[in-house]
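The values are calculated or read from the model by the stated rules, or taken from the named source; none is laboratory data. Please read these numbers as outputs of a predicted model, since none were measured by experiment. Using ideal geometry, Cβ is built from the backbone for each residue, glycine included, and neighbour counts are taken over all protein chains shown.
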């Protein structure tokens with residue numbers, strides 16, 4: 001394969017990012033750079049500054065050879081508001097056009113858009129002459145609030161968009177009522193959903209374009225396993241290896257993620273007033289943290305760990321009875337599920353969105369709908385070591401077979417190849433031979 005020139009465009013990128021989608025984008029960019037491709041990332045630093053209350057973490061040179069361009073404008077919040085309203089790169093348009101080139105000059109082989117909500121909106125899709133992808137890390141393409149969480153209190157089951165966006169305390173987006181997405185979306189050669197469930201949800205909500213499916217991935221296992229080698233011949237999973245010392249003195253279940261209303265912890269914390277056989281450890285922080293701490297009160301079985309460094313977090317994963325994923329809203333994937341699988345830890349997830357698709361297909365845990373079902377699943381994993389071992393090993397196999405870099409990145413190039421064939425992009429096809 002001849003090296004390709006990639007430009008990835010997104011609103012948020014580490015360290016100026018919130019949640020897991022920015023990390024997922026960074027992993028993809030690093031994987032491409034390791035394979036010898038040129039990777040350039042454009043992102044909107046003004047968006048992070050505005051939504052983080054002016055905080056601005058230090059930007060360090062990327063050790064993986066990725067070219068990074070943070071976009072800033074003296075107009076700041078006004079720039080973001082105009083883009084949010086008009087769906088076009090109101091302030092950053094000239095800078096982006098200069099980097100991407102005009103319709104005749106091709107500076108890149110592939111332009112990959114991610115969360116384009118504030119960096120330029122759908123109006124950005126016409127920029128540059130290249131094969132173009134869009135990865136739907138959120139449901140922004142069909143939802144002004146990105147998360148299909150209606151009125152800030154319930155799952156979206158029918159369109160009440162104007163009232164909903166006002167409940168989210170955001171100004172209505174004028175461009176969503178003009179057909180702009182349908183017109184500009186024709187410039188995209190492949191839209192990509194992060195799960196089959198998310199693909200179907202986009203179609204259910206009227207998204208007019210077909211979508212490929214490509215999951216998130218994590219770095220490869222330390223022991224490289226050829227893709228053609230049968231699972232039965234692979235080394236025993238890490239869950240079968242002797243355990244190191246647990247970071248907590250009692251058995252525990254683990255939650256990992258941002259502390260927000262839509263993550264559902266407020267429905268799990270009260271369970272540990274009834275469930276005395278284990279503790280609940282909560283790794284993460286967010287705007288809802290104070291409310292959750294108040295809800296936990298003086299319950300000694302609920303402990304808040306705050307944000308943990310990756311090595312410490314991995315240790316908590318490995319020794320947990322199971323990871324609890326109580327999300328109330330529709331995720332597009334659920335990166336923490338495959339992070340748990342990688343550590344050989346079962347997952348007990350709410351039966352909603354793509355979570356059952358991932359957990360049950362892998363055989364790596366259980367799903368629940370009611371508090372009694374949650375408690376029954378917790379009791380099962382804690383009281384039946386053979387069942388926990390089976391779930392742990394199945395999850396780890398699923399990670400190795402479906403969700404690691406050596407499997408997913410070739411799938412990414414398959415999508416590029418098919419898009420290039422449809423477009424008859426001979427430049428990209430020649431590079432992929």
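Would you call residue 98 in a loop (DSSP other than H, G, I, E, B) and modelled with pLDDT of 90 or more?
Values: in a loop (DSSP other than H, G, I, E, B): no; modelled with pLDDT of 90 or more: yes.
It is false that residue 98 is in a loop (DSSP other than H, G, I, E, B) and modelled with pLDDT of 90 or more.
Taking only pairs six or more apart or across chains, which ones have beta-carbon atoms under 6 Å, a first residue in the range 168-183 that is under 14 Å from residue 86 (Cβ atoms), and a second residue that is in a loop (DSSP other than H, G, I, E, B)?
Matching pairs, first to second residue: 173/144; 175/87; 180/87.
Could you list all residues from the range 307-326 that are at pLDDT below 95 and not in a helix (DSSP H, G or I)?
Hits for the range 307-326 are 307, 308, 309.
Within the range 292-306, take every residue that is outside any loop (DSSP other than H, G, I, E, B) and over 25 Å from the mean Cα position of the chain (by Cα) and give me the one that is farthest from residue 51 (Cα to Cα). Give the derivation first.
Keep residues of the range 292-306 that are outside any loop (DSSP other than H, G, I, E, B), which gives 292-296, 302-306.
Filter once more, so that each one left must be over 25 Å from the mean Cα position of the chain (by Cα): 293-296, 302-303.
Working: 293: 23, 294: 25, 295: 26, 296: 28, 302: 30, 303: 28 Å.
Across the range 292-306, the extreme among qualifying residues is 302.
Please work out which residue is surrounded by the most Cβ atoms within 10 Å (Cβ to Cβ), limiting yourself to the range 115-138 and to residues that are in contact with a strand residue (DSSP E or B) (Cβ under 6 Å, 6 or more places away or on another chain) and more than 21 Å from residue 20 (Cα to Cα). Steps first, answer last, please.
We begin by selecting, within the range 115-138, every residue in contact with a strand residue (DSSP E or B) (Cβ under 6 Å, 6 or more places away or on another chain); these are 115, 118-119, 128, 130-136.
Applying the additional criterion that residues be more than 21 Å from residue 20 (Cα to Cα) yields 128, 130-132.
Values: 128: 23, 130: 23, 131: 26, 132: 24.
Looking at residues that are in contact with a strand residue (DSSP E or B) (Cβ under 6 Å, 6 or more places away or on another chain) and more than 21 Å from residue 20 (Cα to Cα), I get 131.
So which residues in the range 260-284 are assigned to a loop (DSSP other than H, G, I, E, B), modelled with pLDDT of 95 or more and more than 23 Å from residue 342 (Cα to Cα)?
264, 268, 269, 270, 275, 276, 277
Of the residues 150, 159, which single one is farther than 22 Å from residue 80 by Cα, surrounded by 15 or more Cβ atoms within 10 Å (Cβ to Cβ) and without any contact (Cβ under 8 Å) to a residue 60 or more places away in the chain? Outline the logic, then answer.
On the way: 159 fails: surrounded by 15 or more Cβ atoms within 10 Å (Cβ to Cβ).
Just a single option satisfies the conditions, and that option is 150.
Can you tell me which of (1) out of contact with any helix residue (DSSP H, G or I) (no Cβ under 9 Å at 6 or more places or on another chain); (2) under 19 Å from residue 114 (Cα atoms) is the one residue 54 doesn't meet?
Residue 54 satisfies all of (1) out of contact with any helix residue (DSSP H, G or I) (no Cβ under 9 Å at 6 or more places or on another chain); (2) under 19 Å from residue 114 (Cα atoms) except (2).
Quick check: is even one residue across the range 239-255 surrounded by fewer than 16 Cβ atoms within 10 Å (Cβ to Cβ), at pLDDT 90 or above, out of contact with any helix residue (DSSP H, G or I) (no Cβ under 9 Å at 6 or more places or on another chain) and not assigned by TED's automatic domain parsing to the domain that holds residue 396?
For the range 239-255, residues surrounded by fewer than 16 Cβ atoms within 10 Å (Cβ to Cβ), at pLDDT 90 or above, out of contact with any helix residue (DSSP H, G or I) (no Cβ under 9 Å at 6 or more places or on another chain) and not assigned by TED's automatic domain parsing to the domain that holds residue 396: absent.
Matching residues to (1) assigned by TED's automatic domain parsing to the domain that holds residue 417; (2) farther than 19 Å from residue 136 by Cα; (3) in a strand (DSSP E or B); (4) at pLDDT 95 or above:
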| position | (1), (2), (3), (4) |
| --- | --- |
| 9 | yes, no, yes, yes |
| 25 | yes, no, no, yes |
| 33 | yes, yes, no, yes |
| 42 | yes, no, yes, yes |
| 49 | yes, yes, no, no |
| 57 | yes, yes, no, no |
| 61 | yes, yes, no, no |
| 64 | yes, yes, no, no |
| 70 | yes, yes, yes, no |
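Right, residue 371: in contact (Cβ under 8 Å) with a residue 60 or more places away in the chain and surrounded by fewer than 16 Cβ atoms within 10 Å (Cβ to Cβ) or not? Talk me through it step by step, then tell me what you get.
Values: in contact (Cβ under 8 Å) with a residue 60 or more places away in the chain: yes; surrounded by fewer than 16 Cβ atoms within 10 Å (Cβ to Cβ): yes.
So residue 371 fits the description; yes.
Name the residue, out of 151, 146, 139, 107, that is over 25 Å from the mean Cα position of the chain (by Cα) and over 23 Å from residue 414 (Cβ atoms). It would help to see each step written out before you state the result.
Details: 151 fails: over 25 Å from the mean Cα position of the chain (by Cα); 146 fails: over 25 Å from the mean Cα position of the chain (by Cα); 139 fails: over 25 Å from the mean Cα position of the chain (by Cα).
Within the list 151, 146, 139, 107, the selection yields 107.
Only residues in the range 387-401 that are assigned by TED's automatic domain parsing to the domain that holds residue 376 and surrounded by fewer than 22 Cβ atoms within 10 Å (Cβ to Cβ) count as the first member; pair them with residues that are modelled with pLDDT under 95 and in a helix (DSSP H, G or I), Cβ under 6 angstrom, at least 6 apart or cross-chain, and list the lot.
Cβ pairs passing all conditions: 393/239; 397/231.
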